[in-house]
Amino acid sequence: MIRKLRIILEMIKFEHTIFALPFAYMGAVLGAVVMEGSLPSWSEIGWITLAMFGARSAAMSLNRLIDKAIDLRNPRTKDRALPAGLLKSAEVLAFIAASFALLFWAAANLAPIAMKLMPIAVFFLCLYSYTKRFTWLCHIVLGLTIALSPLGGWVAITGQFNATAWLLYGTVALWIAGFDIIYATQDYEYDRNAGLYSIPSRFGINGAIWIARSLHIVTAVGFVALFWMTELGWMYLLGALLSAGLLFYQHWMVRPTDLSRVQTAFFGMNGTLSVVLFLFTIADLAVLGRWS
């Protein structure tokens, strides 16, 4: 059982929860400070953490299960646990059920609106894996899905939305869509031959990279715009500028004529960006006394 669990956690790249988890915390902290002038409680942070683990585990497991046949035919993914026969579909289904149960349990212990909005989150978590079969906007759908983490963190604490919450949601959605486009360049040839939809297969490698760059320019603007829409100070602004620098460096590493460092850019730069921005947000609030 422990061996199977290890294989499942490797299959869903459990450690990459770091992409979205800092933004979930950021949404919770900003929501609490902006709306209530205080920090979330440790119990609220704990429930948000469990909700994130449940949501991401369910989403990634669903993706692997739904794409099992596609992964089997793709040279890059044929050695994943399901197509390689290391896991049975029933075992993954059981893990998905447990992950959704964890998500529901965590949401039930947060603001009441979290449970009311749960069906929307589950719909997006299930939808994404099918979108590559009918639209090249699949990357945008992924962004809108994973960006529910900061929006969910905000709502879980405050029980409401405002313009700042939507700005954070849209900014994170574009960031994720941009780096997913970069990641999808690895499957450019396979997607075209298999009739799958993606921005690289629709617009080519060069076009896809430029679309990703455009999305990340808007992302950088969004990070800076949060400075103007909140009481965040110069320390947060420094973090936003550093994050913009990381986006620039990512696109310096990955060019249409050189995709050899896509993995490094995807896993290294993006994980670093989310942690950096969250830590500078916390430092700004703590050091400059932005909460009462």
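The values are calculated or read from the model by the stated rules, or taken from the named source; none is laboratory data. Since we're looking at a predicted model, the values are computed, not measured. Positions of Cβ are generated from backbone atoms using ideal geometry, with glycine treated the same way; all protein chains shown enter the neighbour counts.
Quick one: Phe280 ticks every box in (1) under 21 Å from Ile182 (Cα atoms); (2) surrounded by 16 or more Cβ atoms within 10 Å (Cβ to Cβ) bar one, so which box is it?
Here Phe280 clears every test but (1).
Out of curiosity, is Thr145 under 28 Å from Glu36 (Cβ atoms) and either crowded, with 18+ Cβ neighbours inside 10 Å or not aromatic (Phe, Trp, Tyr) (or both)?
Yes, satisfied.
Does segment 83-90 contain at least one residue that is touching a residue at least 40 places away in the same chain (Cβ under 8 Å) and under 22 Å from the mean Cα position of the chain (by Cα)?
Looking for residues that are touching a residue at least 40 places away in the same chain (Cβ under 8 Å) and under 22 Å from the mean Cα position of the chain (by Cα), one finds none in segment 83-90, hence no.
Among the residues of segment 111-141 satisfying the criterion of being in a helix (DSSP H, G or I) and of a type in the set (Gly, Ala, Ser), which is farthest from Asp187 (Cα to Cα)?
Ala114
For segment 191-240, what are the residues that are among the charged types (D, E, K, R) and free of Cβ contacts under 8 Å to residues at least 60 places away in the same chain?
Scanning segment 191-240 gives Asp191, Arg192, Arg213.
Out of the residues in segment 112-128 meeting the condition of being out of contact with any Leu (no Cβ under 6 Å at 6 or more places or on another chain) and buried (at least 20 other Cβ atoms within 10 Å of the Cβ), tell me which one is nearest to Tyr25 (Cα to Cα).
Looking at the filtered set, the residue picked out is Ala114.
Please work out which one of (1) farther than 30 Å from Leu39 by Cβ; (2) of a type outside the set (A, V, I, L, M, F, W, C); (3) crowded, with 21+ Cβ neighbours inside 10 Å; (4) in contact (Cβ under 8 Å) with a residue 24 or more places away in the chain is the condition Gln186 fails and give its number.
Of (1) farther than 30 Å from Leu39 by Cβ; (2) of a type outside the set (A, V, I, L, M, F, W, C); (3) crowded, with 21+ Cβ neighbours inside 10 Å; (4) in contact (Cβ under 8 Å) with a residue 24 or more places away in the chain, only one is false for Gln186: (3).
With the condition kept exactly as written, say whether any residue in segment 30-44 is modelled with pLDDT of 90 or more, buried (at least 17 other Cβ atoms within 10 Å of the Cβ) and over 17 Å from Leu279 (Cα atoms).
Scanning segment 30-44, I find at least one residue that is modelled with pLDDT of 90 or more, buried (at least 17 other Cβ atoms within 10 Å of the Cβ) and over 17 Å from Leu279 (Cα atoms), so the answer is yes.
Give me the pairs, please: first residue somewhere in segment 133-151 and touching a residue at least 60 places away in the same chain (Cβ under 8 Å) and of a type in the set (A, V, I, L, M, F, W, C), second residue anywhere and surrounded by fewer than 20 Cβ atoms within 10 Å (Cβ to Cβ) and assigned to a helix (DSSP H, G or I), beta-carbon distance under 6 Å, and either six or more positions apart or on two chains.
Trp136/Arg202; Cys138/Thr131
Which of the residues that make up segment 248-268 are closer than 14 Å to Phe179 by Cβ and either among the polar types (S, T, N, Q) or in contact (Cβ under 8 Å) with a residue 40 or more places away in the chain (or both)?
Of everything in segment 248-268, those that are closer than 14 Å to Phe179 by Cβ and either among the polar types (S, T, N, Q) or in contact (Cβ under 8 Å) with a residue 40 or more places away in the chain (or both) turn out to be Gln250, His251, Val254, Leu259, Val262, Gln263, Thr264, Ala265, Phe266, Phe267.
If you take the residues of segment 152-175 that are in contact (Cβ under 8 Å) with a residue 40 or more places away in the chain and within 20 Å of Trp210 (Cβ to Cβ), which of them is surrounded by the most Cβ atoms within 10 Å (Cβ to Cβ)?
Ranking the qualifying residues of segment 152-175, first place goes to Trp175.
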